[in-house]
1. What do the square roots of 5 times the Cα gyration tensor eigenvalues come to for the chain, in whole Å, largest first, as semi-axes of the equivalent ellipsoid?
2. On a 0 to 90 degree scale, rounded to 10, what angle separates helix 2-16 from the longest Cα axis of the chain?
3. Enumerate the calculated ³J(HN,Hα) couplings along region 79-95 in order (Karplus 6.51 cos²θ - 1.76 cosθ + 1.60, θ = phi - 60°), each rounded to whole Hz, writing x wherever the residue is Gly or Pro.
4. Report in % the part of the accessible area of region 79-186 that belongs to carbon and sulfur, leaving out ligands and nucleic acids; probe 1.4 Å.
5. Got the relative contact order for region 201-254 handy, in percent, Cα pairs under 8 Å and 6 or more residues apart?
6. If you count only protein heavy atoms and use a 1.4 Å probe, how large is the accessible surface of ASP69, to the nearest 10 Å²?
7. Do you know the relative contact order of the chain, to the nearest whole percent, from alpha carbon pairs under 8 angstrom that are 6+ apart?
8. Multiply the residue separation of LEU80 and GLN204 by 0.36 nm, subtract the distance between their alpha-carbon atoms, and state the gained length in nm to one decimal.
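The values are calculated or read from the model by the stated rules, or taken from the named source; none is laboratory data. In this text the structure is predicted, and so the values were computed from the model without any measurement. Cβ placement follows ideal geometry from the backbone for every residue including glycine, while neighbour counts extend to all protein chains displayed. SASA here: full protein model, heavy atoms, side chains in, ligands and nucleic acids out. Shrake-Rupley method; radii C 1.70, N 1.55, O 1.52, S 1.80 Å.
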Amino acid sequence: AAMAAQVAAIEETAAARPAPSVTSGAPVEISWAGAPEIEGEGGWSFKPRGRLNIDAGSFNAPDSTGREDGFNSEIRRARLGVEGDIPGGFGYKFEIDVAGNEVEVTDAILTYEDGPLTVNVGQHNTFQSLEELTSSRWSSFIERAAFTDAFGFERRLGVSVELQPSDTVLIQGGLFSDNIGDLPGKAMSADGRVVFMPEFGENQLHLGASVHYTDVPEGDTVRYRQRPLVHFTGERFINTGNMPAASEFGAGVEAAFISGPFHAVAEGFWQSSNLVSGMEDANFFGGYAEAGLFLTSGD
């Protein structure tokens, strides 16, 4: 009887207490999008990112060149970074490359998006060339076309704006200083790019044009040089040497077409250096064409 009375008292006390609240859904969600992506309440998100490119190969040069050739290998890219969203339309991306036993900052960007408008602040790609702007995750070759390096396309510290008023038009422009690894620096550049990208059924067309201007600081020089289509050699068969210049101007056109597993792309870029000391301007051209076909179903 005493035990029964105690059980009744416990049940009565429990019934008098308010039921605990149950929150539907977890405050943090984890999904997989190439890497774990963590999304929190209020619009916060965090996602690690990275890639590893390993290259090995051989190239040969005529003995008359006196150049060192043969087999070599390297870790071409060893990237590690983070990206995510911040409430209010903001986003962030930070990535380093540790290939070559050196730590190099690739991207360090704070972004703001409002509908068709995106504002970028920090180190990021200038708006030159489809080939340069395409991530190495998606390119067909481990190295980009020769003119992108020869003409010095690289990420720079700056402010840029991207406007996409429709699904078929993209307008980009920005003002930039030097690469973050070369700061402090006095170089200033401006870049602009327009892209028209309509779809025809399941086919994708891409047409674009870009312009580039750099104000070269007094006393500095420009140099255009490039390796063969491998990075593991320091031999540069194209090399203008250092040229004293006041400025450089570049203009490019680009076209691409995708139809199912087939793609084709071509670009041309003209670079002109305004040389000082009464020398004539130095003019250069670079370009490439590429076509490819995925053999695996669905790719």
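1. Working: eigenvalues 517, 111, 97 Å².
They are 51, 24, 22 Å, listed largest first.
2. Tilt relative to the chain: about 50 degrees.
3. Listing the rounded values in order: 9, 8, x, 9, 8, x, 10, 10, x, x, x, 8, x, 8, 7, 9, 8 Hz.
4. Details: 3130 of 5430 Å².
Solvent-exposed carbon and sulfur of region 79-186 make up 58 percent of the total.
5. Values: 74 pairs, mean separation 26.0, N = 54.
Relative contact order comes out at 48 percent.
6. 60
7. Numbers: 641 pairs, mean separation 29.9, N = 299.
Reported as a whole number, the value is 10 percent.
8. Values: separation 124, 0.36 × 124 = 44.64 nm, distance 3.15 nm.
In short, 41.5 nm is gained.
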